[in-house]
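The values are calculated or read from the model by the stated rules, or taken from the named source; none is laboratory data. Since this is a predicted model, take the numbers as computed values, not measurements. As a convention, Cβ positions derive from the backbone with ideal geometry for all residues, glycine included, and neighbour counts pool all protein chains shown. Ligands, DNA and RNA are excluded from the accessible area calculation, which covers all protein heavy atoms including side chains. Shrake-Rupley method; radii C 1.70, N 1.55, O 1.52, S 1.80 Å.
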Amino acid sequence: MHTHSHSPPYASSPEEQARLLGTDAGTGLAPEDAAARLSTHGPNALRRQKPKSVALILRHQFASVIVWLLAGAAAISFLWRDVAEGVAIIIVLLINGIIGFVTELRAARSMEKLIQLSRLHARVRRGGKERMIDAYDLVPGDIVVLEPGDVVPADLRLAAVSSLEADESVLTGESHTVTKSIEAVGSDAVLGDRFCMAYQGTAITKGTGEGIVIATGMDTEIGQISEMVQSASGEVAPLERRLDMLGRKLVWLTVSLALLTIGAGILRGFDIATMIQIGVALAVAAVPEGLPVVATLSLARGLWRMSARNALIRQLSSVETLGATTVILTDKTGTLTENRMTVVGYLLDGLDVTLGTQDDAAAFEIADERLAWALRVGALCNTAEAGDGPSDERAGDPMELALIAAARDAGIDRADLRRRYPELTEHAFDPARKMMAMVLEDGRHHLVAVKGAAEEVMALCTRVFTAEGAEVALEDAARQDWQRRITGAAHQGLRLLALAMKRVPGAGVDPYGDLTLIGLVCLRDPIRADVSDAVRASRTAGVRVVMVTGDHADTARAIASAAGLGDGALEVIDGSALRGIDLDTMSDEMRARILRADVFARLDPATKLTLVSVYQRAGHVVAMTGDGVNDAPALKKADIGIAMGLRGTEVAKEAAHMILRDDAFSTVIAAMRQGRVIFQNIRQFVIYLMSCNVSEVLVVGLAVGGGLPVPLLPLQILYLNLVTDIFPAFALGLGAGNEQVMSQPPRDPKEPIIARPHWWQIAVLGGSITLATLLAFGLALFALELAPAPSVTVAFVTLALAQIWNVFNVRDPSTNALNNAVTRNPYVWGAIALCLGLVALALWQPLLADILRLDPPGKAGLGLAVAMSLVPLVIGQIWIRWMPGARHRTGRGGQ
Ligand code: ATP
């Protein structure tokens, strides 16, 4: 780093650092300068996210057993002076390689692009302007602006702070937050004591600040401590790993089958050279070489579909988990609701104010002291920035913006108000207390304005503000009356916030005590339009939806019931019942109650973690949404942590596995559906490929073993394999799925891609194709009395067509035979057309027919082939329809 010859950045002033790094804390780097630095320093990335290089992908294509088998077969052909066949095998090999290469390259690039979309952002000052940039583009010398909820995007020497606090536990293991300053510390200060630094990966919990980037990427502290920092891309999806294992098993199985066939053939007196070639061709035929490529392709395709529906995957392994999710713990505000709040009324001492339309509100005269103070405190005890005109930029909590808007509609200008009551101290919103306070100057007095959760604030109130502007003691009877009114408003799904104040002689008093209750403000936050459909869809899909909110139990219940949660009666647990409970000492009764609940109200973020654990211990696969810094541990712990793209903090996004670009609950369901579709597609093309391959091995093996002539020549097998394997399998991998994917219970996460019923299906499909082909071969030889060459052609055509029709046999058993994801998949029809064309070409293109040694068998022969090729289709459909083994019964029924 630049600074090594000088004292470390934390032991010198920010000005000195700015000078050393050639930057200006006021304006930041010029954009061109930043671009130049980026090319010298490289991106700000931990563990360089190297995209899969072209060379690597190319090498992939030639690193498989199949390629070596094929090369061996070609060598043997050349040895036996069969040049045409040797060349043909090499061509097949090249075509295979090219298809694999192009597909894998495109899939890898598109996945990389998608994962880039979910990168973190940083707020920097460049060329005198503040802007959001991709955190990867940060360079030393950049000026970064920090806000609560940010992940520090690089190592910074702080140049300005305003009550800035950071959680540095990722680096130091210390769980308490550290207060930052800009004063230099000794050059021997340990990491945790360098208060003037903000390190990459730590979280800003409070306050704001600015700092100069002194190190990026692997030069940062976190980069140096650990080279193994979690990073989203680059990992192999477990799905791909499992397929790889499956593929390996198959290689051994088929190589042994091929050896057996060779042995049998030699014993029956076939020429050894031919037998070796047949054996090699068989082995090649049987290995589903398309498998990994098609898997990658379907994953990439699925990821694109998810991103088109606003779900960004940060971790490939989540794709699989999504489809297995059994419970979703969702936020209320902003996820189920729109987070567009409006004040609809006030509950004051002895008076309910209902605001109707906006005109009414504007016309409303605030002669009433109670209401005037409610409006004032709402606008003063408020951290949102709101311009005065409707088009001005506004930023902040929608609830606070609504309070400002309500005051403005009543003719109270916030700027005037703030001049009248200048701000002295802000006690930021404390999630544990569920309230915030603002200490203001009011002449010679101080005015404390408080707003927060109704119960919590009321508990601190000893007096109440009356119509006459007097403050009278809050009696027990009156408290009960207030309670009743609160419950009444909450039942309508309104969000309630208590407003309170007190006047104190000077500074230094606890804001949270001995308060005067002004009243409650009622806000409406409409439910998102698509929520009840999405909730219904998840119920059909066997996935429970549970609301987890910080809001009042009655408000939560009303919203939950409007959203359609629960079956009939809603089970609501108030967070106060769970406070401080311990996972290990929890009673079974409590555990059962938690698992039954539909709504958790007044829940603090720490308890979310416990909830996730309780569900996981009960065998659930848990998806959980979150947005705040406090949600990060629970998001990490969940099987699928889902962060909000709009509302969420960078800390939450970093901890999450998936990001919702639109914050909407329905997007979770859409992503889940895609997760299931991807899995189903992979299962379908695996069944397809394997049943086709099995039939090729069996046809030759059984014929040779049973004393028939060789029904298929090696090159024919290779050609078939190329024709029937790749294209229909690709098409299946690209399928868009059907409605039924969301009417089945979630898949058991431990369930293999190919479970027992699927093995049976492979056996039945492979077996029936084999039988049909052998039957056609036999009939051609003995019934039509064709010569061996045209008979072989009959077998070839039968097998080719039967394999093409076989795509229709892998449909989801619960779907209709004519109208399902396979028949509606345009790629499937494209693949079929292409394959039929290739079969025709092989038969009637003289050169190709010659190389493949195909001899047109005449109308009768072709008719026989076509007829026999339909037999496996019929058997496959009957099997799907009637055999219980083919039905989905591996999912875990209702939970
Ligand atoms: P959800 O979980 O659905 O987002 P929430 O916003 O109510 O619900 P929290 O943010 O945990 O959840 O807030 C808990 C409670 O604290 C709120 O119901 C509200 O009463 C109070 N509260 C939230 N934000 C503020 C704020 N800025 N000022 C004062 N009180 C607040």
(message) Please enumerate, by chain and number, the aspartates and glutamates with C-alpha under 15 Å from the C-alpha of Lys636, excluding those fewer than 8 residues away in the same chain.
(response) Asp627, Glu650, Glu654
(request) For segment 443-458, take each phi angle, set θ = phi - 60°, evaluate the Karplus expression 6.51 cos²θ - 1.76 cosθ + 1.60, and give the result in whole Hz per residue in order, putting x for glycine and proline. (result) x, 8, 9, 10, 10, 9, 10, 10, 9, x, 4, 3, 4, 5, 5, 4
(request) Determine ³J(HN,Hα), in whole Hz, for all residues of segment 98-107 in sequence, where each value follows from phi through the Karplus function 6.51 cos²θ - 1.76 cosθ + 1.60 and θ = phi - 60°; x replaces Gly and Pro. (result) 5, 4, x, 5, 4, 5, 5, 4, 5, 5
(message) Probe radius 1.4 Å, ligands and nucleic acids ignored: give me the carbon and sulfur share of the accessible area of segment 342-524 as a rounded percent.
(response) 50 percent
(request) Give the cross-link partners of Lys129 among the aspartates and glutamates, using a straight C-alpha distance below 13 Å as the criterion and excluding same-chain residues fewer than 8 apart. (result) Asp24, Asp142
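For the chain, what does the accessible surface come to per residue with a 1.4 Å probe? Please give it in Å². Walk me through the numbers before you get to the answer.
Numbers: 36670 Å² over 895 residues.
It amounts to 41 Å² per residue over the chain.
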(request) State the antiparallel share, in %, of DSSP beta bridges confined to the chain, rounding to the nearest 5. (result) 75 percent
(request) May I ask you to give the percent of accessible area on segment 164-228 that is carbon plus sulfur, with a probe radius of 1.4 Å? (result) 48 percent
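Using alpha carbon coordinates only, what is the Rg to Rh ratio of the chain, with Rh defined as the Kirkwood radius?
Values: Rg = 34.7 Å, Rh = 31.7 Å.
With Rg and the Kirkwood Rh in hand, the quotient comes to 1.09.
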(message) Just to check I understand the Karplus step: with θ = phi - 60° and J = 6.51 cos²θ - 1.76 cosθ + 1.60, what whole-Hz values come out for segment 727-744, glycine and proline as x?
(response) 5, x, 5, 4, 4, 5, x, 9, x, 8, x, 10, 5, 4, 4, 9, 10, 10
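How compact is segment 342-524 by the rule of thumb for globular proteins, expressed as Cα Rg over 2.2 N^0.38 Å?
Rg over 2.2 N^0.38 Å, computed on Cα atoms: 0.96.
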(request) Scan around Ala215 for amide H atoms under 5 Å from its own, H built in the peptide plane at 1.01 Å from N, and keep only partners 5 or more places away or cross-chain. (result) Asp155
(request) With all protein chains present, calculate the accessible area of Ser13 using a 1.4 Å probe and round the result to the nearest 10 Å². (result) 50 Å²
(request) Report, in debye and to the nearest 20, how large the dipole of segment 342-524 comes out about its Cα centre when Lys and Arg carry +1 and Asp and Glu carry -1 on their Cβ. (result) 280 debye
(request) Using Cα pairs closer than 8 Å and at least 6 residues apart in sequence, work out the relative contact order for the chain, in percent. (result) 12 percent
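Using the Cβ atoms and a cut-off under 10 Å, what net charge is assigned to the surroundings of Leu299, where Lys and Arg are +1 and Asp and Glu are -1? Kindly include the intermediate steps, with their values, before the conclusion.
Values: positive: Arg301; negative: Glu240, Glu320.
Spelling it out: positives minus negatives among the neighbours equals -1.
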(request) Report the one residue of Phe429, Ala407, Tyr346 whose Cα lies farthest in the direction of the positive end of the charge dipole of segment 342-524 (charges on C-beta: Lys and Arg +1, Asp and Glu -1; origin at the Cα centre). (result) Phe429
(request) Run down the lysines and flag those whose C-alpha is under 21 Å from the C-alpha of Lys451, throwing out any fewer than 8 positions away in its chain. (result) Lys206, Lys332, Lys434, Lys502
